[in-house]
Amino acid sequence: MSSSGFGSHRDYAERMRRRAEADAERARTEGTRAHPALVLKWSERFYASERDLAEAMLADLDEGEPHPRQADSSGSGRGGQHT
């Protein structure tokens, strides 16, 4: 997945987390039974975790470590010398 793919996933997860948060709040204020409210609370946590994992992966990608194939093609990695 490209860095833009991780960014899109992070944004999607944040949108879903916000929706779950709003739905959970509505369930609490409307006196919905405990089970749906609990599922919505879990959803909010799940999407927050997905967002945070995507953000961490973007940070890892920003560290700028070259991919092994990139290093090989430049001649600085194993097998990088072309004759």
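Structural remarks
- Sole residue being in a loop (DSSP other than H, G, I, E, B) and at pLDDT below 90, chosen from Ser4, Ser76: Ser76
- Every pair of residues 6+ apart whose Cβ atoms lie under 7 Å, when the first sits in segment 1-21 and is under 11 Å from Arg51 (Cβ atoms) while the second is among the acidic types (Asp, Glu): Arg10/Glu55; Ala13/Glu50; Arg17/Glu44
- Segment 29-41: number of residues that are surrounded by 12 or more Cβ atoms within 10 Å (Cβ to Cβ) and free of Cβ contacts under 8 Å to residues at least 12 places away in the same chain: 4
The values are calculated or read from the model by the stated rules, or taken from the named source; none is laboratory data. Treat the numbers as computed from the prediction; the structure is a model and nothing was measured. Glycine also receives a Cβ, built like all others from the backbone with ideal geometry; neighbour counts cover every protein chain displayed.
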